[in-house]
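A short write-up of the structure that comes next.
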Amino acid sequence: MFEPQTMSKLLIAASKDQLEAVVRELYRHNLFHIEDFVESDAQGLEGCKIGMPLPGASESSSDLVRIRSIENTYGVSSKGMDTDERKMPTSEVRQRIERELQAIEDEAAGFADEKITLENTIRDYETRITELKPYTLFPANLADLKGFENFVVLAGLVPAHVSLSVPNEMFITAYEKSNLLIAVVPRENAEEAEKDLFEAGFQPIPVPDENGTAGERTVWYTHEITRLEGDLKVVSGRISAQKEKNATFLVACDELLTAEVERAEAPLRFATTEETFVAEGWVPADMVAALTSDLQSATGGKVFVSEVEFDPIEEAVPVEYHNPDFSKPTEMLMDIYSRPQYGEFDPTILVSIVFPIFFGFILGDVGYGIILLALGYYLRKFLKDDAGQKLLDVFRNASISSIIFGLIYSECLGFALPWSPIGINRHLNIGSHASGHGPDAVLMLVLTAWIGILHITLGRMLHMYNAANMMKPGRHRSKVIFGQLGWILVMWGILLMLWSLFEMPLMPVLAGYPAVFVGINGFGVAGAVLLLVGIIGIGQDSMLELMELPTVISHVLSYTRLAAVGLSSVAIAMVTNYIAIELIIEPQLANLSIIGIVIILIGIVIFLIGHILNTALGIMGGGLHSIRLHYVEFFTKFYKGGGKKYEPFGKLRKFTED
Amino acid sequence: MAVETMTIEVAQASAIGFKAIGAGLAVGLAGMGTGLAQLGIGGAAVGATAENKEMFGLALLFTVIPETVVIFGLVIALLLLF
């Protein structure tokens with residue numbers, strides 16, 4: 001908790017005849033994050049070479065390519081498959097690869113060919129229809145325009161009627177915004193005729209190679225296309241039938257062969273000598289014992305596994321989160337920003353608690369909360385990958401928080417619930433039900449400023465904690481710690497001074513005490529001293545940081561968005577209700593008529609559009625602003641991030657088993 | 001006398017009206033400022049994300065930084081109105 005998983009660095013050495021057994025065992029455990037061996041940078045392993053792939057790698061990869069091509073034809077993907085089906089034993093998969101793969105491949109290739117041929121023919125016919133289109137106005141057989149010895153046929157579009165200076169036979173008719181012209185002239189006059197025509201802006205169109213009138217041919221081609229589309233549907237139907245039949249087998253093959261290829265290529269990441277190999281990598285500290293004993297038993301004790309000392313600050317240790325289940329989905333929000341460094345304070349748990357609270361504070365509305373909850377469950381069908389599921393879990397928590405805050409605020413789609421708001425009133429004076437003093441805007445602004453003050457103070461304290469933990473003891477570390485303390489002092493110093501001057505709701509009242517120095521009372525003077533000490537603290541860390549002093553105020557005020565964005569969302573909801581119900585629907589309900597019913601329907605549409613828009617804005621407002629307060633205002637105070645992702649060698653098998 | 005009471009009422013009504021205008025200006029102008037600032041950042045952020053998806057988090061962060069300006073406008077408007 002609050003820190004990434006503790007890692008151990010392992011060195012696994014054995015003779016080469018144990019290579020396959022070791023790789024297999026490592027893959028099965030899915031725990032060992034391999035540190036790639038680089039020949040040019042081989043500390044302690046000078047003279048070692050990169051290993052060679054295990055035998056069988058190329059066969060497996062070529063089989064895998066075949067499988068992937070079939071999967072492509074059938075549109076099969078392991079991502080879209082449910083995992084709860086029966087797992088296939090690897091021996092069965094192997095047998096079936098031997099026995100059936102060729103047949104399945106031929107069949108898939110056949111389908112692919114058939115489909116492509118049909119699609120190409122349809123496309124070809126469609127082009128022909130387009131080519132025939134201008135000639136549909138020409139009533140005679142198109143074949144009659146071809147094959148003359150002594151005559152030339154000139155066909156195309158002209159902007160206006162034209163008369164030729166040579167003897168000719170001409171057909172001209174209006175076509176779209178131009179004119180279709182077909183002229184037959186004696187071959188010896190062809191050049192002159194062409195000249196005349198081009199001067200008149202003639203654009204030739206080739207006469208299609210068809211026997212029959214353009215109209216007849218177009219009808220024929222349209223019929224053909226309909227027939228071929230029917231065929232295509234049949235083929236697609238057969239493809240999806242085969243997909244149903246083979247999908248499980250294909251994903252099982254894919255998984256098995258991918259595993260084989262990955263295993264076979266693992267030695268490329270190891271250091272090897274003539275007879276031995278060394279694999280270096282990372283394992284979660286609590287799994288070292290189990291992995292070591294399993295490696296020992298898999299190789300009959302012929303492997304040497306040792307834990308190596310490492311410097312957590314200098315070395316790029318892969319980072320795996322270590323959080324309670326409740327906070328796991330929020331890791332996705334952390335990954336979007338940056339994974340924590342090894343040994344750094346991991347704020348995932350804080351985010352997983354504070355983010356939904358911020359979301360609910362902004363979008364506190366029972367109706368919207370329930371809509372978002374339903375939307376989240378609906379989207380689960382489509383977002384099946386890990387990141388998508390995590391996102392939806394975060395979304396679910398936020399929606400529940402929104403419902404809870406909705407109960408507190410007494411709001412449901414902008415309407416009041418049958419009880420008064422508890423503590424904070426956000427009801428605006430809109431519409432005829434308007435009564436009371438309007439929303440507690442000032443109260444909310446001060447409350448959110450308090451949230452900001454505490455959140456930022458916490459952030460600064462975490463920076464001090466990180467510095468104490470991750471930096472080497474010395475002058476530099478104390479400078480950083482005092483610098484952060486300086487920021488906290490500046491903020492609270494300013495607060496003390498404000499309290500000593502003004503009375504504010506929800507804030508301690510320190511005004512009204514006797515002045516001790518130029519009209520400022522004792523608390524004000526104390527605040528000024530804190531401010532001064534704080535500035536010195538920041539300055540001794542870095543003079544440049546002093547330029548950032550205004551952020552003390554602007555970052556705290558930034559938290560007031562929690563109040564402001566929330567109130568604007570309430571306003572939109574209430575205005576939508578006012579327009580749709582009080583202005584449009586209610587007057588019509590008073591004396592119903594046919595037109596009245598239509599107007600009522602329009603009112604309902606406006607009601608729906610308004611609330612759909614506000615739901616979308618609510619997701620944006622509630623989600624983006626809450627996460628932004630974390631990313632910009634909170635994380636910038638202490639969080640570095642940039643940790644390397646822990647990617648263990650191996651894979652959890654979903655479709656096959658030994 | 002009647003004219004005078006009217007004048008006070010008119011003045012009070014105007015005061016409320018001017019407050020509303022002020023609130024509108026605060027949100028509107030601040031929004032324009034934010035929009036102008038996000039114009040460049042947003043374009044660059046989309047470009048960077050298209051090049052490298054890992055940039056998304058950072059790009060989002062940069063894009064929302066000027067949003068603070070419009071929030072200040074909104075806060076001022078709320079303080080004016082209530």
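Descriptive notes on the structure:
- By the rule of a C-alpha distance below 12 Å, with chain neighbours fewer than 8 residues away ignored, the aspartates and glutamates paired with residue A:133 are A:176, A:216.
- Cα convex hull, chain A: 338 Å³ per residue, rounded to a whole number.
- Helix axis angle, A:475-501 relative to chain A longest principal axis, alpha carbon, degrees: 80
- Comparing Cα centroids, the stretch A:37-112 and the stretch A:310-338 end up 31 angstrom apart.
- Accessible surface of the stretch B:42-82, 1.4 Å probe, proportion on carbon and sulfur as whole %: 75
- Compared with its chain on its own, the stretch A:335-369 contains the following residues whose accessible area drops by 20 Å² or more in the full protein assembly (probe 1.4 Å; ligands, DNA and RNA excluded): A:336, A:337.
- Within straight-line reach of residue A:87, meaning a Cα separation under 12 Å, sit the following aspartates and glutamates at least 8 residues removed in sequence or on another chain: A:255, A:657, A:658.
- Given +1 at the Cβ of Lys and Arg, -1 at the Cβ of Asp and Glu and no other charges, the dipole of chain A around its Cα centre is 2620 debye to the nearest 20.
- Sequence-separation-based contact order of chain A, relative, with Cα cut under 8 Å and 6+ spacing, percent: 21
- Per residue, the convex hull spanned by the alpha carbons of the stretch B:42-82 comes to 57 Å³.
- Partner lysines whose Cα lies under 21 Å from the Cα of residue A:16, excluding those fewer than 8 positions away in the same chain, are identified as A:49, A:302.
- Accessible area expressed per residue, the protein assembly as shown, with surrounding protein chains retained (probe 1.4 Å, Å²): 52
- Residues along the stretch A:623-651 losing 10 Å² or more of accessible surface when the other protein chains are present rather than the chain by itself (probe 1.4 Å): A:624, A:625, A:628, A:631, A:632
- Share, in percent, of DSSP beta bridges within the stretch A:132-218 that are antiparallel, nearest 5: 100
- Point-charge dipole on Cβ atoms (K/R +1, D/E -1) for the stretch A:443-558, about Cα centre, debye to 20: 440
- Solvent-accessible area, 1.4 Å probe, carbon plus sulfur percent, for chain A: 62
- In this structure, the pairs whose alpha-carbon distance is over 25 Å, taken from A:9/A:479; A:243/A:384; A:9/A:637, are A:9/A:479; A:9/A:637.
- Percentage of interatomic Cα-Cα distances in the stretch A:132-218 larger than 14 Å: 61
- Take the accessible area of B alone and of A alone, subtract that of the pair with a 1.4 Å probe, and the total buried over both chains is about 1600 Å².
- Residues of the stretch A:542-580 buried by at least 10 Å² of accessible area upon assembly of all protein chains, compared with the chain on its own (1.4 Å probe): A:554, A:557, A:558, A:560, A:561, A:564, A:565, A:567, A:568.
- Across the stretch A:466-563, Cα pairs under 8 Å and at least six residues apart give a relative contact order of 31 percent.
The values are calculated or read from the model by the stated rules, or taken from the named source; none is laboratory data. Just so we're clear, the structure is a prediction, and the values are computed from it rather than from any experiment. Don't worry about glycine lacking a Cβ; one is built from the backbone with ideal geometry, like all the others, and counts go over all protein chains shown. Ligands, DNA and RNA are stripped out before the accessible areas are found, and what is left, the full protein with its side chains, is counted by its heavy atoms. Shrake-Rupley method; radii C 1.70, N 1.55, O 1.52, S 1.80 Å.
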